[in-house]
Structures are given as structure tokens and as C-alpha cells.
Amino acid sequence: MTFALTSERERELEALLAKYPTRTAACIPLLHLCQAQHGHIDDEVVEFVAARLEMPPAEVKGAVTFYGLFNQRPSGKHQVWVCKTLPCALRGAGDILKQCEHKLGIHPGETTADGKVTLRTAECLASCGTAPMIQVDGEYFENLTPERVDEILTRLTTS
Amino acid sequence: MLTRSEFLTKVYPVEEGWTFAAYERAQTALFGAASGGYRAARKAAAMSQADIVAEAKKANIRGRGGAGFPMGVKWGFMRPSAAKPAYLVVNADEGEPGTHKDRTIMERNPHAVIEGCIIACYGIGAHVAYIYVRDELHLSKTRLEGAIAEARALGHLGKAPFGRDYPVDVFVHTGAGAYICGEETALLNSLEGRRGEPRLKPPFPAQAGAFGCPTTVNNLETIALVPTAFNLGCAQFSELSALHKLGDGGVRLYGVNGHVKKPGVYELHVGVTLRELIYDLGGGVLDDRGLLGVIPGGSSTPVLRGDEVIHAPDEASPMHQWHGQSVLDVPMGVDTMRAAGSMVGTCCATVMAVGTCPVLAMENLMAFYHHESCGQCTPCREGSAWIHRIVSKILDGRATMDELDSLHEIANNVMGNTICAFGDGMAMPALGFLKKFRRDFEAYVRGERKRADARLVVG
């Protein structure tokens, strides 16, 4: 089956295209729109974006493989990112990551067996003054302790 | 006694301080009688492009993204062209490890950004501004979009803001998780929908930037400071700085993180010292430990030791007035920190207490650079990986002294041999750690210390 956007997201695409002098400029925002709907970017999505933006598929694929936030494989329903860069590490990011691994029973880069949560490590998320932190589905959780992480993940896995 | 400024941060503690109403209340409290909104942009709307640039130069705002280039001078590079439109691009791809200031502006004072964009558009002859926000900052994007919608509804953006027949619009553009897109030409490629690989310069963005058109790229804090500068008068704004005479003017946001009691973001005049930042604003080192070292302005700025003393016996040296004093007592500015052997960078300091293992800290940062190198230039792509691997080997006790020495050679061969400043931004802090903490590295090579005992968390 070929990929298509929902009618609501089609309208968002139209609004996107109005922002730029070229169609190509909508590439990254459109890939985000597609990923929000499809969960990941496969070759069908690449074909779709290329066709809509009048770009060679190879250029779209080039962008997909360049940027870390595009999933090239299916991932879990929820995304947990643990910042591990120095300012967070100085304030206990190592223990936060351990707690996530222990609680979810997986290592960074893996997804829980029920497909609910994908765990990843992140490079600096601009939250150094409120370290350590994790990001869950786009939301920041800051000034964390392992206990607080436990609460957050319990809520996530039982929701 | 250190006095905090509150231009950008006045609305920070206010309930719903990100709304237009709160912004205007704060502006009225700071600068007098109500104006109908965006008073600085309104003032600029009545000025010619040349007058705005001349005024902006007097503010002596050194770019807040890290390089410290004078904002007004950059605006002056723009030449009006009938053939091509001009663009303003605001860099909010905040991702330099240790840097957490721009996010606070977007989340808590987005209207300062929008008003700054309008003035900058007048100043450089642009009708459209793109704010490039890294995708992870969802709340920042929401707040900026909200502010843009409010400004549009009030007519402060659109066809003819402030009654002047000069359309101005502002759009938010998102990245997708690549640190390199904070480099201005990588950012432009990313804005155009391509891989975020830096471009060769020249041409500079002012000649051929976004979509092949003349473009000014400014850091988000730089742009957010513009309304304050124009409200006070740019010359007066510049004089708020302790380093005004060095052409480093105004106020700025300082961040402090790592091993301090009160990490956070604080607004003060330019020229606060690291001692003031760490001990007065940051509340001192955790557990009242000694200070091992501090990275003054983001991970690309070379680390300074806590016990480092300025050595400038030559009276002609710009650092002579601080000769024999602690590096912590030098006012932080673009030129002073460079002369002290580091950089002011983004002015967000990462503090490391005694007990932190500097080799482990370097390994953490080199893992970051290894991961984030875009791979376009061989010296950076290979060099960042080699340095990371060798530091790991040193920590594991498997490296020789020759390998430790080879780190200098690798770093020096990256420096200056790449398209963009990422290579230097990786090599400089690498050399900084090696030079400042040589004995720690040697102890691992000799087997006197073990990775299992190395700590980043103290106490």
C-alpha cells in the first residue's frame, strides 16, 4: 500500500508550503509530519515526500539518514530519551540511565517486547541547568532522581 | 555586590509571562508609558535601514552563539538588491553541551524574539525571518508560534506593521536532531531541506545564504536583546557592560551548571567573572568542595583549571592588569576569555568539583563530537573518532605514552583543516584537557588509576 497523509495533515502540508520560497524547504517538516502519522520513515514515505516536493528520492533519503530524529525502523509507541552529555552526567545521568534500563529491561536502542517503549540516549538537550533530565514523547522531565524516573516510567508502561 | 539585570528575564517569573499582555506590561515598567505594543520595533519602523544599522553598531552586541562577532557589523554586510530578496535566519538550534539559555528565552519571553526579528528585518532589508529551532524543543516551538500568532493578529506582523508599507513575517522552522545544524551554513542547508552539511565560505551568507539570497544569521539571544538595546538607546545599552570599552556591550544571559548548588540562568551585564558566576550566582561548588575546573561557555571552549593564574608580565599585554590573579577573576568577555586561553562561547559554564575525573569528562565530550561530526571532512570525521577511541583506551589502561602523545598530533591536524569550525570546536577542548590535566592522563597510562574508580558525580 502506498503512503498517504490524512486530510488534516494534508492541510498542515499546504500551510508548510506557504512558508517557503521553494518546495524542497518543506522536506524536514514534512518528514516530521509523516513520522507522526506512520511512526517511522520507510521507502514508501520517502517516495511520497519526493513526489510531493518534486525532489529526487535519493535526496530525501539523504536527509532521512542524516538526521538523528528520523526512525528508519519501526520504534515503540513511546520514546524515552536520556541525556548523557557531560552537564547531565556530572549530576547523575548515569544512574538515571541505569534506572531506565532496569525498569524497562532493555538497553539504549532497544524497544520493550510489548512494543510500548523505545529507550535511547541523547546528546545535550539544552537542559543543563536542570540536569539530569529525560525526554518522553517530546515532554521534558527535569531535575530528576532515580525514584522520580521510576514513577514516570510506571505511568508510561501502565497507560 | 552583584546586581542582576532584568530586561529579558523580567517576565520570566510572571504568570503566563510569554503572552503579549505580559510582555507589554514588562516593557512599560522598564521603559515608561504604554506604546500600543512593540515600542522598539515601532521606533525602528520610522528609521531608515542605514540608521538602524548605525544605531545597532553602537550596541556592541557580540554574537551570543559563541563566535562573538559584532551583530551590527554583520547587519552592515547586507547590501540591498533589487534582484533578490534578503532573509533573516535566527539560530535557535541550541545544542552545545552546557548551553541552556536560548531555551529559556523561547519558553518564557518569546515576544522579545519576535520584536527583535522585526527590527532586524528593517535593518537588513528582509521581509521574512525564519527561526530555526531544534526539533526537541517542543515547548519553545509552541511558545514562539503562539507569540507569532498574537503579533499577526495585532498587525505587528503582516502586510504593513506600524503603518509602514513594509511587510514583515516570521516563521518557525524545525531541525531533526543534528548538532552541526547550529553551524550557520549547515543550518541554511537544513532550512532548504537538505542534509545539514556546512558549506564552503566564501560566499558568506550575506552574499549567498538561504535559497541563494543575501542572509543574516544571528543567534536567538542576540536577536532577543535588540528591543532592549533600541529602547534604552544602543549606546546606553552598550555602557551597561563592564567591558564596554573593549567593544563588548550590554547585558547577556549567563548559565551555570554541573557541580554548583544553584544551577540556572541569570541575566547580568557583560563582564561578570567566573568567580561571581560560580560562587555568587551558582551558590558555590557542591559540598563546598574545591574547584577542579570550569568549561566557561559550552563544550567547545577549552577548560580552565580552578587554580589557574594569569601569566602576562608584559605590560603591553591586554591581560597584564590581571597578571598574577586567578583566571576566575577575569571579567568574561569575548576578547578577555580568548586572551586567557579559552573562549566566552555561549557564556554557560560547566563546573567540575575536585573529585571529578577529567579523563572521563573528556571521554564524555569526545563521544559527543564523534557522534555529531557530520562526516563531510576527513580530518574531523576520522579525528573525532580516533580521539574518542584513544581516550577510551587510556581510561581502560590499554594505551601507551606514545598514544597519549598522538592525541596532540591528531587534534592539531584537525584544527584549521576542515570546512567549518566544528573541527576546531572539537580539537581545542581536547587539547585543553590534555594540557591542563596531563598528569591525570599519565596516571591511567601508568596503571596508577583505573576506570572503575573514575567519577563524574561527586559526593
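Sorted from greatest to least, the principal axis extents spanned by the alpha carbons of the range A:78-158 come out as 34, 21, 21 Å. Pairs of Cα atoms nearer than 8 Å and 6+ residues apart set the relative contact order; for chain A it is 19 percent.
Per the Cα gyration tensor, the range B:116-271 maps to an equivalent ellipsoid with semi-axes of 26, 23, 18 Å, ordered largest to smallest.
Checking the a/c ratio against 1.5 first, then a/b against b/c, what shape does the Cα gyration tensor give for the range A:7-66? Oblate, since a/c reaches 1.5 and b/c is not below a/b.
What is the range B:60-193 by shape, rounded, prolate or oblate, if you read a ≥ b ≥ c off the alpha carbon gyration tensor as root eigenvalues and call it rounded for a/c under 1.5, prolate for a/b larger than b/c, and oblate otherwise? It is oblate, given that a/c is not under 1.5 and a/b is not larger than b/c. Among DSSP bridges having both ends in the protein assembly as shown, what percentage is antiparallel? Round to the nearest 5. Antiparallel bridges make up about 45 percent of those DSSP assigns within the protein assembly as shown. Sorting B:13-22, B:109-118 by their mean Cβ neighbour count within 10 Å, with the most densely packed peptide first, gives B:109-118, B:13-22.
Computed over the Cα atoms of the range B:244-353, pair by distinct pair, the Kirkwood hydrodynamic radius stands at 13.8 angstrom. Centre-to-centre separation between the Cα atoms of the range B:325-364 and those of the range B:173-241: 25 Å. For the listed peptides B:241-247, B:177-183, a ranking on the average number of other beta carbons within 10 Å per residue, highest first, reads B:177-183, B:241-247. Projecting the Cα atoms of B:211, B:250, B:268 onto the charge dipole of chain B, computed from C-beta unit charges around the Cα centre, puts B:211 farthest toward the positive end.
Each semi-axis of the equivalent ellipsoid for chain B is √(5λ) with λ an eigenvalue of the Cα gyration tensor; in descending order they amount to 39, 25, 20 Å. Between residue B:382 and residue B:316, residue separation times 0.36 nm minus the direct Cα-Cα distance comes to 19.7 nm. For chain A, the ratio of Cα radius of gyration to the globular rule of thumb 2.2 N^0.38 Å stands at 1.18. Averaged over the residues of B:174-183, the number of partner chain Cβ atoms lying within 10 Å of the residue Cβ comes to 4. With an a/c value of 1.5 or above and a/b larger than b/c for the gyration tensor axes a ≥ b ≥ c computed over the alpha-carbon atoms, the range B:358-453 is described as prolate. For the range B:272-317, the equivalent ellipsoid derived from the Cα gyration tensor has semi-axes of 23, 13, 11 Å, listed largest first. Dividing the summed -39500 (n - 2.57) terms of all DSSP H runs of n ≥ 4 by the residue count of the protein assembly as shown sets its mean residue ellipticity at 222 nm at -12000 deg cm²/dmol.
Counting Cβ atoms of other protein chains within 10 Å of each residue's Cβ and taking the mean over peptide A:68-74 gives 3. The lysines whose alpha-carbon is closer than 16 Å to the alpha-carbon of residue B:10, local same-chain residues fewer than 8 away aside, are B:101.
In whole percents, the pair-distance distribution calculated for the range B:219-286 from its alpha-carbon pairs, binned every 10 Å from zero, is 21, 43, 28, 8, 0.
The charge dipole of chain A, taken about its Cα centre with unit charges on the Cβ of Lys, Arg, Asp and Glu (plus for the first two, minus for the last two), comes to roughly 220 debye.
Kirkwood hydrodynamic radius, computed over distinct alpha-carbon pairs, for the protein assembly as shown: how many Å, to one decimal?
Here the Kirkwood hydrodynamic radius works out to 25.0 Å.
Mean separation of Cα pairs under 8 Å and 6 or more residues apart, divided by the residue count, gives chain B a relative contact order of 15 percent. Pairs of lysine residues in chain A that meet both criteria, 8 or more places apart or on different chains and Cα atoms under 29 Å apart, total 12. Taking 7 Å steps out from each Cα toward its Cβ at residue B:453 and residue B:408 produces label points 2.7 nm apart. Relative contact order of the range A:1-49, taken over Cα pairs closer than 8 Å and 6 or more residues apart, is 44 percent. Remark: mean inter-chain Cβ contacts per residue of A:26-34 equal 4, using a 10 Å Cβ-Cβ cutoff to other protein chain atoms. For the listed peptides A:74-80, B:289-295, A:2-8, a ranking on the average number of other beta carbons within 10 Å per residue, highest first, reads B:289-295, A:74-80, A:2-8. A cysteine counts as unpartnered when no other cysteine's C-beta lies under 4.7 Å of its own; in chain A this applies to A:27, A:34, A:100, A:124, A:128.
Each reported figure results from applying straightforward, stated rules to the coordinates on display, with no laboratory input. Nothing here was measured: the structure is a model prediction, and the numbers come from that model. All Cβ positions, even for glycine, are placed from backbone atoms using ideal geometry, and neighbour counts span all protein chains on display.
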